[in-house]
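Engineer: Supplied in structure tokens, the structure appears directly below.
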Amino acid sequence: MKSHFLLAVVLVSLCPVTFAQSDMHNSTEKPAPSEAQESFTQLKTLAANWKGPVTVDPPQPEMNTDKPVQVSLRVTLGEMRWCMR
């Protein structure tokens, strides 16, 4: 009889803990973005087609640095992709 009473007391005392934890999932507040997320958000603003001169260090005789280089940056599924032409 004592064990049934003790079991009932334990179960009833756990109910508020269970309900308190279930409210955490209903929060409408978003967590603060991490430093990496903030950096990536800034990096995404560079997505475009860029064209300009190129400097090679150390100099490479087989590379023609007289012509400008075109670089395309685009965001795809949460990552930056670049292509140099």
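Engineer: Cβ contacts < 6 Å: first residue among the polar types (S, T, N, Q), restricted to segment 66-81; second residue surrounded by fewer than 10 Cβ atoms within 10 Å (Cβ to Cβ) and modelled with pLDDT under 85, any location; separation 6+ or different chain. Result?
Structural biologist: Going by the 6 Å Cβ cut-off, the qualifying pairs are Gln70/Arg85.
Engineer: Same structure again: Give me the pairs: first residue in segment 29-55 and under 14 Å from Leu73 (Cα atoms), second residue acidic (Asp, Glu), beta-carbon distance under 9 Å, and six or more apart or on different chains, which are they?
Structural biologist: Listed pairs, sorted by first residue: Phe40/Glu79.
Engineer: Having 2 or more residues that are at pLDDT below 85 and touching a Leu at 6+ places or on another chain (Cβ under 8 Å) is the bar; report the strands (runs of 3 or more DSSP E) wholly within the chain that clear it. Let's see the steps before the verdict.
Structural biologist: Numbers: elements: 48-52, 69-76, 79-84.
Where strands (runs of 3 or more DSSP E) fall fully within the chain and carry at least 2 residues being at pLDDT below 85 and touching a Leu at 6+ places or on another chain (Cβ under 8 Å), they are 79-84.
The values are calculated or read from the model by the stated rules, or taken from the named source; none is laboratory data. Everything quoted here is computed from the prediction, not taken from an experiment. Glycine gets a Cβ as well: all are built from the backbone with ideal geometry, and neighbour counts include every protein chain shown.
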